[in-house]
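The values are calculated or read from the model by the stated rules, or taken from the named source; none is laboratory data. Small disclaimer: the values here were computed from a predicted structure and weren't measured. For neighbour counting, all protein chains shown are included, and Cβ atoms are generated from backbone atoms with ideal geometry for every residue, glycine included.
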Amino acid sequence: MTMTADDKGALVPFDEVLERYDPALGLEVHVELNTATKMFCGCPAAFGGEPNTHVCPTCLGLPGSMPVVNRKAVESAIRIGLALNCQIAEWCRFARKNYFYPDMPKNFQTSQYDEPICFDGWMDVTLPDQEGDGETVRVGIERAHMEEDTGKSTHVGTTGRIHGADYSLVDYNRAGIPLIEIVTKPILGTGAKAPAVARAYVSQLRDLIVALGVSEARMDQGNLRADVNLSLAPKGSGTLGTRTETKNVNSFRSVERAVRYEMQRHAAVLDSGSGVLQETRHWHEDTGITTSGREKSDAEDYRYFPEPDLVPIAPSRTWVEELRGTLPENPTEKRARLQEEWGFSDLEMRDTVGAGALSLVEETVAAGAAPQAARKWWLGELARRANDQGVELADLSVSPADVARVQALVDEGAINDKLARQVFDGLFAGEGTPDAIVAARGLAIVSDDGALSAAVEAAIAANPDVADKIRDGKVAAAGALIGAVMKEMRGQADAARVRELILEKLG
Ligand code: ZN
Ligand code: MN
């Protein structure tokens, strides 16, 4: 008999899982390409639009329509494969993956089966400091293949899910948008680090996709979707257990949490003497648990066969080598170069990478900020806000250019760090540019002697004992008067100038 521990809360503490079991991870990531048109027709591949306006007979699967492969999508697939150290097939075909679902108008997905365009690669994944002391894990890449996206179903009703819906709507704008599915080999031997390895892999894969410029790669918009496969085997057995596949985990943090949760749940099922059911599972962001989806189909259920309406893809070696020449700098070498240029310590660099802030810091520096200042904002104030909002740093509504401008205002003496936080408040509230926010909220530091003099004189008058001390040469007492002036001016006084004025008046 099989059972699922499901949402009943039967979990084994994480440390105990590791005493008895070895985890095996596998990650499948779907990347939606940013091509102008769809995979097999000329419809726009742009996100959104009025429902069912980016459609034509081909992507609607109407009888007699003929697909044509998007060259740019093949190019992106090859570049992704090369960046992942894959072999590029000299000849490969598309295949029909047959199944019925209302968001897939053709009743099959055009995908690749036993002839993927990219195969047998690897990516080196660096773990953040606290998880593995900067350790690098080599993740094997089984394949990266081309396919198309499905449409989007909206289930209308109280649950938002198909069960209990009053009715469902379907929008085919997304149907046929090019996808690259990247599948790892089983990742073994990571033990307690399995959740961190999964997170770091998806995060660094996203960095790579961004560097290649082939996708917007926004997890919150579904441009990059991760499925997490996990199984447990008895410790030291060297076997592979039955796996579950948790679908569409939509943030790095959730990838980590989903692995951890499934390890604890699998252990509970196995401890009870039952078998793990091979199935897909849903991730619940709010409660941090997975629940049973559908029993996982075996490949043969899909009755794959070569797509008869498309010619095979046979990329010439000349073209492949040309594309190799367009690859961005290798991420490991790039990290070493940036660390050198920025003068970051190993720890600072690892924390920056681990926080998913490398490219954000890079762009902020490119926009004119000093590296340490860029790091300070992204890993401090902005990381805290991203955490509060439950989003990734890259998905915050603050751009590297904004951060660089805020820092420039600090450097110019127009605001200080404390006022800068209020500028960020304004940026998150959509109040315009940093300069506009400083003006509209009246945040600029006052260094004008006229305004400061009046406040200084008021502070002296209100604190005669302190003033006497300063007159007697106890200069350190000036701090109390500076504090009084700052309070009066809501933190917006130029503290250095205030000090000078106090000493001038009492000197
Ligand atoms: Zn179309
Ligand atoms: Mn797929």
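Do you know which of the residues in the stretch 443-491 that are of a type in the set (Asp, Glu) and touching a residue at least 12 places away in the same chain (Cβ under 8 Å) is nearest to Gly413 (Cα to Cα)? Checking each candidate, the answer is Asp449.
Residues in the stretch 165-200 that are under 30 Å from Asp103 (Cα atoms) and outside any strand (DSSP E or B): Ala165, Asp166, Tyr172, Asn173, Arg174, Ala175, Gly176, Ile177, Lys185, Ala198, Arg199.
Per-residue answers, yes or no, for (1) assigned to a loop (DSSP other than H, G, I, E, B); (2) within 16 Å of ligand 2 (Cβ to nearest atom):
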{"position": "Val31", "(1), (2)": "no, yes"}
{"position": "Phe40", "(1), (2)": "yes, yes"}
{"position": "Pro57", "(1), (2)": "yes, no"}
{"position": "Gly64", "(1), (2)": "yes, no"}
{"position": "Val68", "(1), (2)": "yes, no"}
{"position": "Lys72", "(1), (2)": "no, no"}
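When Asn173 is tested against the conditions (1) over 22 Å from Arg206 (Cα atoms); (2) modelled with pLDDT under 95; (3) of a type outside the set (Ser, Thr, Tyr), the lone failure is (2). The residues on offer are Ala233, Ala226, and the sole one that is within 15 Å of ligand 2 (Cβ to nearest atom) and assigned to a strand (DSSP E or B) is Ala226.
Within the bounds of the stretch 75-84, is there any residue that is in a loop (DSSP other than H, G, I, E, B), farther than 30 Å from Glu256 by Cα and either of a type in the set (Asp, Glu) or within 16 Å of ligand 1 (Cβ to nearest atom) (or both)? No: the stretch 75-84 contains no residue that is in a loop (DSSP other than H, G, I, E, B), farther than 30 Å from Glu256 by Cα and either of a type in the set (Asp, Glu) or within 16 Å of ligand 1 (Cβ to nearest atom) (or both).
Considering Ala454, Ala436, the condition of being out of contact with any Asp or Glu (no Cβ under 7 Å at 6 or more places or on another chain), surrounded by fewer than 18 Cβ atoms within 10 Å (Cβ to Cβ) and not assigned by TED's automatic domain parsing to the domain that holds Pro371 is satisfied by Ala454 alone.
Rundown of residues vs (1) at pLDDT 95 or above; (2) more than 15 Å from ligand 2 (Cβ to nearest atom); (3) of a type in the set (Val, Ile, Thr); (4) buried (at least 19 other Cβ atoms within 10 Å of the Cβ), yes/no style:
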position	(1), (2), (3), (4)
Ala95	yes, no, no, yes
Tyr99	no, no, no, no
Met104	no, no, no, yes
Thr110	yes, no, yes, yes
Pro116	yes, no, no, yes
Trp122	yes, yes, no, no
Thr126	no, yes, yes, yes
Gly134	no, yes, no, no
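Scanning the stretch 186-231 for residues that are modelled with pLDDT of 90 or more and basic (Lys, Arg) yields Lys193, Arg199, Arg206, Arg225. If you scan the stretch 12-29, which residues turn out to be surrounded by fewer than 19 Cβ atoms within 10 Å (Cβ to Cβ) and within 16 Å of ligand 2 (Cβ to nearest atom)? Selection gives Glu28 alone.
Quick check: anything in the stretch 253-274 in contact (Cβ under 8 Å) with a residue 12 or more places away in the chain and touching a Gly at 6+ places or on another chain (Cβ under 7 Å)? So far as the stretch 253-274 goes, yes, one or more of its residues are in contact (Cβ under 8 Å) with a residue 12 or more places away in the chain and touching a Gly at 6+ places or on another chain (Cβ under 7 Å).
Given the conditions (1) within 27 Å of Trp319 (Cβ to Cβ); (2) away from ligand 1 (no atom under 16 Å from the Cβ); (3) assigned to a loop (DSSP other than H, G, I, E, B); (4) under 28 Å from the mean Cα position of the chain (by Cα), which single one is not true for Ile162? Among (1) within 27 Å of Trp319 (Cβ to Cβ); (2) away from ligand 1 (no atom under 16 Å from the Cβ); (3) assigned to a loop (DSSP other than H, G, I, E, B); (4) under 28 Å from the mean Cα position of the chain (by Cα), the lone unmet condition for Ile162 is (1).
Just so you know, in the stretch 44-54 the residues that are surrounded by fewer than 22 Cβ atoms within 10 Å (Cβ to Cβ) and hydrophobic (A, V, I, L, M, F, W, C) include one that is nearest to ligand 1 (Cβ to nearest atom), and it is Ala46. Can we say Val320 is more than 30 Å from Val249 (Cβ to Cβ) and surrounded by 13 or more Cβ atoms within 10 Å (Cβ to Cβ)? Considered against the rule, which asks whether it is more than 30 Å from Val249 (Cβ to Cβ) and surrounded by 13 or more Cβ atoms within 10 Å (Cβ to Cβ), Val320 comes out as yes.
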